[in-house]
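The values are calculated or read from the model by the stated rules, or taken from the named source; none is laboratory data. Keep in mind that what you see is a predicted model, and the values were worked out from it rather than measured. Every residue, glycine among them, receives a Cβ derived from its backbone with ideal geometry; neighbour counts consider all protein chains shown.
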């Protein structure tokens, strides 16, 4: 279940998408077609759900918004959470930090994460971290859990680096 900051972020993104769509005199179906052209499968119902703030965006979808709405990235960047404990910000920062480490752009990290694991880097990190933390038997918010998450992140970035060399 998303927490209140994730819900607030999703609502802000949905509101901005609706504002831009209305300002451009577009229907949700037209936005759906633009998304498809950007490689994103959003039926009209998905556009409606996102605009209502009831669905989070993947990192790839977030990065494609300026192309879909034909606007500057700054239009959406101003919505990006910046608090260090905000889960939406943490998910975005995971891809950004990996991109900086690897010397590639965030879209490369997003694309290759989905190719390798079928989900974002942050989602894969979280899934593997949960397993590792449970295996180690350490409390979730302990220093041991933080160390386990760091280890998992380094392993995942190494897997992405291998893709970069391939």
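For the range 14-25, what are the residues that are under 11 Å from residue 52 (Cβ atoms) and crowded, with 19+ Cβ neighbours inside 10 Å? Correct list: 14, 17.
Of the residues making up the range 68-87, one or more are in contact with a helix residue (DSSP H, G or I) (Cβ under 6 Å, 6 or more places away or on another chain), exposed (fewer than 14 other Cβ atoms within 10 Å of the Cβ), at pLDDT 75 or above and more than 19 Å from residue 149 (Cβ to Cβ). Test residue 11 against the criterion of being modelled with pLDDT of 95 or more, more than 27 Å from residue 111 (Cβ to Cβ) and surrounded by fewer than 18 Cβ atoms within 10 Å (Cβ to Cβ), and give yes or no. No: the conditions fail for residue 11.
Can we say residue 23 is in contact with a helix residue (DSSP H, G or I) (Cβ under 8 Å, 6 or more places away or on another chain) and at pLDDT 90 or above? The answer is no for residue 23.
Regarding residue 35, is this residue in contact with a helix residue (DSSP H, G or I) (Cβ under 7 Å, 6 or more places away or on another chain), surrounded by 15 or more Cβ atoms within 10 Å (Cβ to Cβ) and at pLDDT 95 or above? The answer is no for residue 35.
In the range 135-150, what residues are surrounded by 12 or more Cβ atoms within 10 Å (Cβ to Cβ) and in a helix (DSSP H, G or I)? The answer is 136, 144, 145, 146, 147, 148, 149, 150. If only residues of the range 50-67 that are surrounded by fewer than 16 Cβ atoms within 10 Å (Cβ to Cβ) and within 19 Å of residue 23 (Cα to Cα) are counted, the one that is farthest from the chain's Cα centre (by Cα) is 52.
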